[in-house]
Amino acid sequence: MFRMATTPEISIETRSRYEPVIGLEVHVQLLTATKIFCSCSTKFGAAPNTNVCPVCLGLPGALPVLNRKAVEFATLAAMALNCRINETSIFARKNYFYPDLPKGYQISQYDKPLAEHGFIEITGGKRIGITRVHLEEDAGKSLHEGFPDSEETTAVDLNRSGVPLIEIVTEPDIASPDEAFEYLTRLKEIILYTGVSDCNMEEGSLRCDANVSVRPRGRKEFGTKTEVKNVNSFRFIREALDYEIERQIGIIASGGTISQETRLYNSHERKTYGMRSKEQAHDYRYFPEPDLLPLVVDEQWQKAIRQQLPELPEARRARMVSEYGITLYDAGVLTATRSLADQFEEAARAAKNPKRVANLVQGELMGRLKAKNLEIEQSPISMRGVAMSADLVESGAISGKQLKDLYDLAFERNQDFPAIYEKEKPQQITDESAIEKIIDEVIAANPRQLEQYRGGKTTVIGFFVGQVMKASKGQANPAKVNELLIKKLGVK
Ligand SMILES: [Zn+2]
């Protein structure tokens, strides 16, 4: 894909002498109803500082109580990411000062995280290692805008303080911005399938930071890395990495050194900017959280959670290919969301020819939904309707053209396919003599194709079927047309 160059003057030759090393840290907000250590609501969009209590405000003496659902969700996600679950993990205090962190520390996990040693497979079977998945609480939010009285004002909203997160950290296995993009796409897909998060990036339910360094190709040691923070779309992360890699190579190739720092990406200028020099991990002075017992997810609990693990996208695609005889590409489109895949399979199982259902859903349904900005759940045509329409075309009761017209009507009137079909049952020409008449005309008008057919090129029949359907304005019964054509063409 073509992407605009964002940095000046590094020759392709210089670029090729270096390779990037990328690791990603993704925070995912868990879809629990209440916060991780108190019973405040996690609902997004409430008036500022209304979903708060002494625990998440960090008032002295308030004690955290761990949310069981948050542990189950985190464990489920870790299992879906092929991680090993640690039976015992430890909560730790990560100490730092920031106005949106009233306690002066964040409860996280440090040297004993919930889960480790996972991976996500990307194209070509390459595995991106997942170092760890751990549980932590979110901080509050500083608001710098929307105060008409003064440009200087900053306010703090603590509704988000204590909302449960998992942090998913990769090994430095990612070798290009495109791989980073693919990893994130797969990660989001897997998390969505587990149902533990809505992964809504605009609302901050999925946030990604990227660590990136470059080194001369072939060298083992890593270069100095920078961290690109708070990029709010996968596309921007790919752009930010592109820029950052070029920037680092430019500096190193001209004899400079990279300083370890946190950088922000400006998507308008397509550049990263240094924000602050990066604190070392030990600056946080982690220590075990004294108010919480070690977290134990024993074998029995793990087993119960594992039973909730749904069929994941990769496995589902493979099964759909073999079960319905559809292509891997089609399976990819049809598993884009769990709900679309569920809907498709419902129709595919009800219909005589699942392949036709796959084509109908992609070719006729999804485009119409997109044009009306509807989700699959809001489709006027139900999956029962899709299955019925597929069977009607399959049996030759309606033509492809008539199906299109009926779908248009269903969307226009916001009615399901069976109702539309009952009412509008298309006029079909099934009378053999009428069809024969059209066939004779078509054959007479196309002597060259007739010659080819009789010369052994039997695939030309498709051409004749098309011509007859066209001449009948899509109203001839396709099965009859086929049958009669073979008879007529066969006779010398
Ligand atoms: Zn609270």
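The values are calculated or read from the model by the stated rules, or taken from the named source; none is laboratory data. Computed from a predicted model, the values in this text were never measured in an experiment. Because the Cβ atoms are built from the backbone with ideal geometry, glycine has one as well, and the counts that use them run over all protein chains shown. For accessibility, only protein heavy atoms count, side chains too; no ligands or nucleic acids. Shrake-Rupley method; radii C 1.70, N 1.55, O 1.52, S 1.80 Å.
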Looking at the structure I just gave you, is VAL65 modelled with pLDDT of 95 or more, over 30 Å from the mean Cα position of the chain (by Cα), in a loop (DSSP other than H, G, I, E, B) and over 13 Å from PRO164 (Cα atoms)? no
For the range 10-30, does any single residue satisfy the condition of being within 16 Å of the ligand (Cβ to nearest atom) and either surrounded by 19 or more Cβ atoms within 10 Å (Cβ to Cβ) or over 18 Å from SER197 (Cβ atoms) (or both)? yes
Among the numbered conditions (1) assigned to a helix (DSSP H, G or I); (2) within 12 Å of the ligand (Cβ to nearest atom), tell me where VAL71 comes up short. (2)
By residue number, the members of the range 409-433 that are in contact (Cβ under 8 Å) with a residue 40 or more places away in the chain, surrounded by fewer than 16 Cβ atoms within 10 Å (Cβ to Cβ) and not β-branched (Val, Ile, Thr) are GLN427, GLU432
Being on the phi > 0 side of the Ramachandran plot and crowded, with 17+ Cβ neighbours inside 10 Å narrows ARG270, ARG285, ARG215 down to just ARG270
Given (1) within 13 Å of the ligand (Cβ to nearest atom); (2) under 23 Å from SER197 (Cα atoms); (3) touching a residue at least 12 places away in the same chain (Cβ under 8 Å), CYS53 misses just (2)
Could you go through the range 192-205 and let me know if any residue there is in contact (Cβ under 8 Å) with a residue 60 or more places away in the chain, buried (at least 20 other Cβ atoms within 10 Å of the Cβ) and in contact with a strand residue (DSSP E or B) (Cβ under 6 Å, 6 or more places away or on another chain). yes
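Condition check ((1) in contact with a Leu (Cβ under 6 Å, 6 or more places away or on another chain); (2) closer than 26 Å to SER267 by Cα; (3) not polar (S, T, N, Q)) across all residues:
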{"residue": "SER11", "(1), (2), (3)": "no, yes, no"}
{"residue": "ARG15", "(1), (2), (3)": "no, yes, yes"}
{"residue": "VAL21", "(1), (2), (3)": "no, yes, yes"}
{"residue": "VAL26", "(1), (2), (3)": "no, yes, yes"}
{"residue": "LYS69", "(1), (2), (3)": "no, no, yes"}
{"residue": "PHE91", "(1), (2), (3)": "yes, no, yes"}
I'm told CYS208 meets every condition in (1) under 29 Å from ARG68 (Cβ atoms); (2) part of a loop (DSSP other than H, G, I, E, B) except one. Can you identify the failing condition by its number? (2)
Criterion: closer than 21 Å to PRO288 by Cβ and within 16 Å of the ligand (Cβ to nearest atom) - qualifying residue of LEU63, LEU59: LEU63
Any chance the range 475-492 includes a residue that's more than 48 Å from the chain's Cα centre (by Cα), of a type in the set (S, T, N, Q) and open to solvent by 60 Å² or more (accessible area, probe 1.4 Å)? no
Could you please find all residues in the range 474-492 being basic (Lys, Arg) and in contact (Cβ under 8 Å) with a residue 60 or more places away in the chain? LYS480
Sort out which residues of the range 31-46 are more than 15 Å from the ligand (Cβ to nearest atom) and of a type outside the set (Phe, Trp, Tyr), and write them in order of number. LEU31, GLY45
Of the numbered conditions (1) free of Cβ contacts under 8 Å to residues at least 40 places away in the same chain; (2) in contact with a helix residue (DSSP H, G or I) (Cβ under 8 Å, 6 or more places away or on another chain); (3) surrounded by 17 or more Cβ atoms within 10 Å (Cβ to Cβ), ILE245 satisfies every one except a single condition; which is it? (1)
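To keep it simple, each residue is scored yes or no on (1) under 18 Å from the mean Cα position of the chain (by Cα); (2) exposed (fewer than 15 other Cβ atoms within 10 Å of the Cβ).
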{"site": "TRP301", "(1), (2)": "no, no"}
{"site": "GLN308", "(1), (2)": "no, yes"}
{"site": "ILE326", "(1), (2)": "no, no"}
{"site": "TYR329", "(1), (2)": "yes, yes"}
Does at least one position in the range 80-89 carry a residue that is of a type in the set (Ser, Thr, Tyr), surrounded by fewer than 23 Cβ atoms within 10 Å (Cβ to Cβ), closer than 17 Å to LEU292 by Cα and more than 10 Å from the ligand (Cβ to nearest atom)? yes
For the range 447-474, give me the residue count where each residue is on the phi < 0 side of the Ramachandran plot and under 50 Å from the mean Cα position of the chain (by Cα). 19
Could we say that SER259 is under 27 Å from PRO64 (Cβ atoms) and among the hydroxyl-bearing types (Ser, Thr, Tyr) here? no
With respect to THR272, determine if the residue is in a loop (DSSP other than H, G, I, E, B) and among the polar types (S, T, N, Q). no
